[in-house]
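Colleague: One structure is given below, represented as structure tokens, and several questions about it will come after.
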Amino acid sequence: MVESVWIVGCGDVGLRVAKRLQQEGLEPTGVVRSRQSLERLEAAGVRALQCDLDTQSAPLKGTVIWLAPPPREGRTEPRLARCLHAGSAIRRLLYLSTSGVYGDCGGEWIDESAPIAPKSARAQRRADAEHQLAAWRSATGGDYVVIRVPGIYGPGRLPEARLRDGTPVIAADAAPYTNRIHVEDLAAATLCVLRHGETGQAYNVADGNPTTMTDYFLRCAALLGLPAPPQLPPEEARTHMSAAMWSFMEESKRLRVDRLRDALGFQWQYPDLASGLPACLSSEIAKDA
Ligand SMILES: NC(=O)c1ccc[n+]([C@@H]2O[C@H](COP(=O)([O-])OP(=O)(O)OC[C@H]3O[C@@H](n4cnc5c(N)ncnc54)[C@H](OP(=O)(O)O)[C@@H]3O)[C@@H](O)[C@H]2O)c1
């Protein structure tokens, strides 16, 4: 019998994962909230189910790749909770979490043994999801793995509008460290961790070559042929940013990816921005395609 694979939250990352699974002869089902996304998946040749996780639990079984975000409010993850309670037929679940669960690390290099200390509500919701999964495993023997993901970049995801607007950035010497992963490497790493990750374990999925947020914006401007954004001291730059954007600036860390590389043998196609950014212009799959 062909393995049942569900991709919950089958958007930009999910569609790339689905395409990889199809190349292996599998037929995953993507779960989305809106009619528009359902039609987009079907047009891309992916089996799809429309289900609003805020009010319903998806009929999950077999392998589950959970890419859907938590709700925008609160400090818990009720969408996952609903499906875990209903999902006794789940064989293995991969949960996409965020590196934000580590909170601010003062620019230090950290690996997965660093304590979970989420600062923002956004990261607290993801940490709640991780705790739910650990409790699910204790109670039911459920099999799961977690990937902790930083900023995702790729085709259609570059900060073009912001650069066109000339929005300032934090001066290079005061900018926090940030970590990135190219969306195609994320899709590949998702399947690598799903298949080979140790149950109950978390894996940082970044490219292993962190830079600063300002470096990222300067590189994107150069790539897109746009003027470099003005650089301001942090408190001045803050007045030009949304609260959500600023919450990213208040955290600085450098993610080690030894576990993904050494324990699972993962190989990056784009191990740094120098290789990954140019590929954002030439890739065939654009986010809005
Ligand atoms: N942006 C970043 O740099 C970053 C960093 C770390 C982690 N992440 C996370 O990575 C994950 C994948 O990112 P992505 O770019 O692929 O996201 P995306 O393109 O926005 O896709 C998200 C998917 O989740 C579905 N979804 C959202 N709310 C739902 C609900 N209530 N019920 C059912 N489905 C729901 C959406 O369906 P509809 O389209 O129908 O709403 C969509 O298919 C997300 O969880 C994101 O938060 C992003």
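Colleague: Taking Ala228 and the conditions (1) in contact with an Asp or Glu (Cβ under 9 Å, 6 or more places away or on another chain); (2) without any contact (Cβ under 8 Å) to a residue 40 or more places away in the chain, which numbered condition does it fall short on, given that it satisfies the others?
Modeller: With (1) in contact with an Asp or Glu (Cβ under 9 Å, 6 or more places away or on another chain); (2) without any contact (Cβ under 8 Å) to a residue 40 or more places away in the chain applied to Ala228, the lone miss is (1).
Colleague: Condition first: among the polar types (S, T, N, Q) and touching a Gly at 6+ places or on another chain (Cβ under 8 Å). Can you find one or more residues in region 104-122 that meet it? Break it down stepwise before answering.
Modeller: Initially, region 104-122 is screened for residues among the polar types (S, T, N, Q), giving 113, 120.
When the remaining residues are screened for being touching a Gly at 6+ places or on another chain (Cβ under 8 Å), the result is 120.
Within region 104-122, one or more residues are among the polar types (S, T, N, Q) and touching a Gly at 6+ places or on another chain (Cβ under 8 Å).
Colleague: Across region 133-175, what is the number of residues that are of a type in the set (Gly, Ala, Ser) and either within 30 Å of Leu232 (Cα to Cα) or in contact with a Ser or Thr (Cβ under 6 Å, 6 or more places away or on another chain) (or both)? Write out each step before concluding.
Modeller: Kept after step one, since they are of a type in the set (Gly, Ala, Ser), are these residues of region 133-175: 134-135, 138-139, 141-142, 151, 154, 156, 161, 166, 171-172, 174-175.
Cutting the leftovers down to either within 30 Å of Leu232 (Cα to Cα) or in contact with a Ser or Thr (Cβ under 6 Å, 6 or more places away or on another chain) (or both) gives us 151, 154, 156, 161, 166, 171-172, 174-175.
Final tally of qualifying residues: 9.
Colleague: Next up: Being under 11 Å from Gly151 (Cβ atoms) and either acidic (Asp, Glu) or in a helix (DSSP H, G or I) (or both) is the filter here, so list the residues in region 179-196 that pass it. Don't jump to the end; show me each part of the working.
Modeller: Start the filter on region 179-196 by keeping residues that are under 11 Å from Gly151 (Cβ atoms), which leaves 179-183, 186.
Selection gives Val183, Leu186.
Colleague: Could you please find all residues in region 92-134 being in a strand (DSSP E or B) and either free of Cβ contacts under 8 Å to residues at least 24 places away in the same chain or surrounded by 15 or more Cβ atoms within 10 Å (Cβ to Cβ) (or both)? So that I can check it myself, show each step before the final result.
Modeller: Within region 92-134, the first condition is being in a strand (DSSP E or B), and the residues that meet it are 92-98, 109-110.
Of everything in region 92-134, those that are in a strand (DSSP E or B) and either free of Cβ contacts under 8 Å to residues at least 24 places away in the same chain or surrounded by 15 or more Cβ atoms within 10 Å (Cβ to Cβ) (or both) turn out to be Arg92, Leu93, Leu94, Tyr95, Leu96, Ser97, Thr98, Ile110.
Colleague: Any idea which residue in region 20-36 is surrounded by the most Cβ atoms within 10 Å (Cβ to Cβ), counting only those that are part of a helix (DSSP H, G or I), more than 9 Å from the ligand (Cβ to nearest atom) and without any contact (Cβ under 8 Å) to a residue 40 or more places away in the chain? So that I can check it myself, show each step before the final result.
Modeller: Residues of region 20-36 part of a helix (DSSP H, G or I): 20-23, 35-36.
Next, from what is left, pick out any that are more than 9 Å from the ligand (Cβ to nearest atom): 20-23.
Okay, now just the ones that are also without any contact (Cβ under 8 Å) to a residue 40 or more places away in the chain, so 22-23.
Numbers: Gln22: 15, Gln23: 8.
In this case the residue turns out to be Gln22.
Colleague: Picking from Ala139, Ala189, which residue would you name as being within 20 Å of Leu273 (Cβ to Cβ) and not hydroxyl-bearing (Ser, Thr, Tyr)?
Modeller: Details: Ala139 fails: within 20 Å of Leu273 (Cβ to Cβ).
After applying the criteria, what remains is Ala189.
Colleague: When you scan region 151-170, how many residues do you find that are assigned to a loop (DSSP other than H, G, I, E, B) and touching an Asp or Glu at 6+ places or on another chain (Cβ under 9 Å)?
Modeller: 5
Colleague: Could you tell me how many of the residues in region 70-80 are in contact (Cβ under 8 Å) with a residue 40 or more places away in the chain and surrounded by 16 or more Cβ atoms within 10 Å (Cβ to Cβ)?
Modeller: Qualifying residue count for the region: 4.
Colleague: Here's a follow-up. Among the numbered criteria (1) without any contact (Cβ under 8 Å) to a residue 40 or more places away in the chain; (2) more than 10 Å from the ligand (Cβ to nearest atom), which one does Ser4 miss?
Modeller: The number of the failed condition is (1).
Colleague: Working carefully through the options Glu236, Glu184, Glu250, find the one that is surrounded by fewer than 16 Cβ atoms within 10 Å (Cβ to Cβ) and either over 21 Å from Asp111 (Cα atoms) or touching a Gly at 6+ places or on another chain (Cβ under 7 Å) (or both).
Modeller: Numbers: Glu184 fails: surrounded by fewer than 16 Cβ atoms within 10 Å (Cβ to Cβ); Glu250 fails: either over 21 Å from Asp111 (Cα atoms) or touching a Gly at 6+ places or on another chain (Cβ under 7 Å) (or both).
Every option except Glu236 fails the conditions.
Colleague: Okay, moving on. Name the pairs: first residue in region 43-57 and more than 20 Å from Val5 (Cβ to Cβ), second residue surrounded by 14 or more Cβ atoms within 10 Å (Cβ to Cβ), Cβ to Cβ under 6 Å, at least 6 apart or on different chains?
Modeller: Hits for this filter: Asp52/Arg33.
Colleague: Being in contact with a Ser or Thr (Cβ under 7 Å, 6 or more places away or on another chain), closer than 16 Å to Glu27 by Cβ, within 12 Å of the ligand (Cβ to nearest atom) and not in a strand (DSSP E or B) is the filter here, so list the residues in region 37-91 that pass it.
Modeller: Within region 37-91, none qualify.
Colleague: How many residues are within 19 Å of the chain's Cα centre (by Cα), charged (D, E, K, R) and part of a helix (DSSP H, G or I) if we restrict to region 247-276?
Modeller: Number satisfying all stated conditions: 3.
Colleague: Does Ala244 satisfy the criteria of being within 16 Å of the ligand (Cβ to nearest atom), surrounded by fewer than 19 Cβ atoms within 10 Å (Cβ to Cβ), modelled with pLDDT under 95 and not in a helix (DSSP H, G or I)? Explain how you work it out, then say what you get.
Modeller: Working: within 16 Å of the ligand (Cβ to nearest atom): yes; surrounded by fewer than 19 Cβ atoms within 10 Å (Cβ to Cβ): yes; modelled with pLDDT under 95: yes; not in a helix (DSSP H, G or I): no.
Judged against the criteria, Ala244 is not a match.
Colleague: For region 1-19, enumerate the residues that are of a type in the set (A, V, I, L, M) and in a strand (DSSP E or B). Step through it out loud before you land on a result.
Modeller: Taking region 1-19 first, the residues of a type in the set (A, V, I, L, M) are 1-2, 5, 7-8, 13, 15, 17-18.
Once the filter is applied, which keeps residues that are of a type in the set (A, V, I, L, M) and in a strand (DSSP E or B), region 1-19 yields Val5, Ile7, Val8.
Colleague: Which one is modelled with the lowest pLDDT among residues in region 277-289 that are within 16 Å of the ligand (Cβ to nearest atom) and assigned to a loop (DSSP other than H, G, I, E, B)?
Modeller: Step one: of region 277-289, the residues within 16 Å of the ligand (Cβ to nearest atom) are 277, 280, 283, 285-289.
Next, from what is left, pick out any that are assigned to a loop (DSSP other than H, G, I, E, B): 283, 285-289.
Numbers: Ser283: 54, Ile285: 44, Ala286: 44, Lys287: 45, Asp288: 41, Ala289: 37.
Result: Ala289.
The values are calculated or read from the model by the stated rules, or taken from the named source; none is laboratory data. What you are looking at is a predicted structure, and each value in this text was computed from that prediction instead of being measured. Positions of Cβ are backbone-derived with ideal geometry, glycine not excepted, and every protein chain shown enters the neighbour counts.
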